[in-house]
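The values are calculated or read from the model by the stated rules, or taken from the named source; none is laboratory data. What you are looking at is a predicted structure, and each value in this text was computed from that prediction instead of being measured. When the accessible area is computed, the model is the full protein with side chains, heavy atoms only, and any ligands, DNA or RNA have been set aside. Shrake-Rupley method; radii C 1.70, N 1.55, O 1.52, S 1.80 Å.
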Amino acid sequence: MKVPLRHDLSAGPVLLACLAIGLLTLMDGVAKELSTRLTTLDVVTIRYVSGIFWAGLLGLIVRPPLPTRDMVRAHSIRAVFFAATSFLFFYALSTLPIVEAMVFTYLSPIFIALLGSLLLHEKVHPSTAFAIALSFVGVMVIAVGKGLGAEGISNDFLGILAAIGSAGTYALSLVLLRARTGSDPITTIVVLQNFLTALIILPIAFFLSDPVAAIVAEWPYVLMMGLLGTAGQFALA
């Protein structure tokens, strides 16, 4: 895949990446709170109903170029993996303590390095490879040694599988995002990501559930979750 990629390890992009992770982690905390009283499907729906609002507002303010057919096609593929990531990770949050769920997602750098090499032909710097290997060792120490507390890792095997699966789908969506950031306007990417993922999630949600009551009852969390998620996506992109 030949793409015009930029490589900039100055303070600005690094701080933006840290900000993105911080915002998305706060969003995960909101999702964990909602998961104590709502189904996973309702939590995912709330994320993207609010995401449409905030992304639409961002689009009205910035007025990015209209997406081309190629952009819509490329980001539609990303939306599938992004929807899968949201559902798997929010399910993991509903069944595991938030720290355990987050720990298993630390496997995503391994998937990102492999997929980035295969799809984008990006080389992994030795220091980055060492950091990834170290994070993998850390995950294994916790998983095998059950070092997250007196009771150890949760026995909810489906939750663990969902967390690991979300790390894989997240990695693929991030590599596909990286492939487009050299050519697509950032605001257009964020708007498309929210709207296209919502197109996948909302029909399923309204067919299998009734998320309107949850959205009305939890409207402060709805607004907060969408704002944190959209801002995190923008910083990451």
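General observations
- Axial C-alpha extent at least 30 Å, average Kyte-Doolittle at least 1.0 - helices from the chain (DSSP): 11-35, 40-62, 157-180, 186-208
- Per residue of the chain, the DSSP helices (runs of n ≥ 4 H) give a summed -39500 (n - 2.57) that works out to -27000 deg cm²/dmol at 222 nm.
- Mean accessible surface per residue for segment 25-75, computed with a 1.4 Å probe while every protein chain stays in place, in Å²: 50
- Taken as Cα centroids, segment 28-83 and segment 150-222 sit 7 Å apart, rounded to the nearest whole angstrom.
- Relative contact order (%) - criterion: Cα under 8 Å, at least six apart; region: the chain: 45
- Largest GNM mean-square fluctuation across ILE204, ILE52, ILE189, computed for the chain with C-alpha springs under 10 Å, falls on ILE204.
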